[in-house]
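Data block below; observations after.
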Amino acid sequence: MVNRARGGSRSVEVLRDLRESPDLARARRVSILVGANDLWRRYVPWEDHEPVDPDDFGRNLRRLVTICREASATEVFLSSPCTLHADPDHPWNRELETYRDVMRSVASRESVRYVPMGEEFVEAQRRHPEVKWTYDGVHPRPVGHERLALTWLAWALGLPACPVEEIPPRPRAHRLGHWP
């Protein structure tokens, strides 16, 4: 497995980086998690990044899928963006639902796997408001990363799911003192 993620990337940067990735030619499975920064740039400026509207986001996703297929990927997974604020019902998070809808539509139209990471993350936040899932409403704490990983494994690989009504169990190798 190769992780090509870069913090702060929008679909525009992911598209550019994927085109330039020498590892892509060997990848059989490609998982893409993108979308939050496309919207977030409307509210939180960063570098020279402009927000990416939902229509352009959809076009970028279709290009990403095409590039992966042309590079011989046999499976492509589109994982939905999670949150932009600690309150799951914050207007930014509600607006992010539009990007999830676009991603779900592209996944269906392009016949690739859709992984509802954002939907399950938000539902876990609603069911367990006492858990601090993220450091800042965006970046997951260890329990949030575990939630995301278990969601991906269940939806993409068919491994046993961790129901959203449950807090993910603390991994044996977890070295930090506090869980969740």
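The values are calculated or read from the model by the stated rules, or taken from the named source; none is laboratory data. All values reported here derive from a predicted model rather than from experimental measurement. Counting neighbours? That spans all protein chains shown, and the Cβs are built from the backbone with ideal geometry, glycine included.
For the stretch 29-43, the criterion of being in contact with a Ser or Thr (Cβ under 9 Å, 6 or more places away or on another chain) and either more than 19 Å from Pro140 (Cα to Cα) or modelled with pLDDT under 90 (or both) is met by at least one residue. Scanning the stretch 1-16 for residues that are of a type outside the set (Gly, Ala, Ser) and over 11 Å from Ile67 (Cα atoms) turns up Met1, Val2, Asn3, Arg4, Arg6, Arg10, Val12, Glu13, Val14. Of all residues in the stretch 155-176, those satisfying the criterion of being surrounded by 13 or more Cβ atoms within 10 Å (Cβ to Cβ) and among the aliphatic types (A, V, I, L, M) are Ala156, Ala161, Val164, Ile167. Taking first residues from the stretch 157-180 that are more than 22 Å from Gln125 (Cβ to Cβ) and partners that are surrounded by fewer than 10 Cβ atoms within 10 Å (Cβ to Cβ) and of a type in the set (Asp, Glu), no Cβ contact under 6 Å between residues at least 6 apart in sequence or on separate chains turns up. Counting the residues of the stretch 1-25 that are at pLDDT below 85 and either farther than 21 Å from Val102 by Cβ or surrounded by 16 or more Cβ atoms within 10 Å (Cβ to Cβ) (or both) gives 8.
Looking only at the stretch 1-44, residues that are part of a loop (DSSP other than H, G, I, E, B), among the hydroxyl-bearing types (Ser, Thr, Tyr) and touching a residue at least 40 places away in the same chain (Cβ under 8 Å) come to 1 in all.
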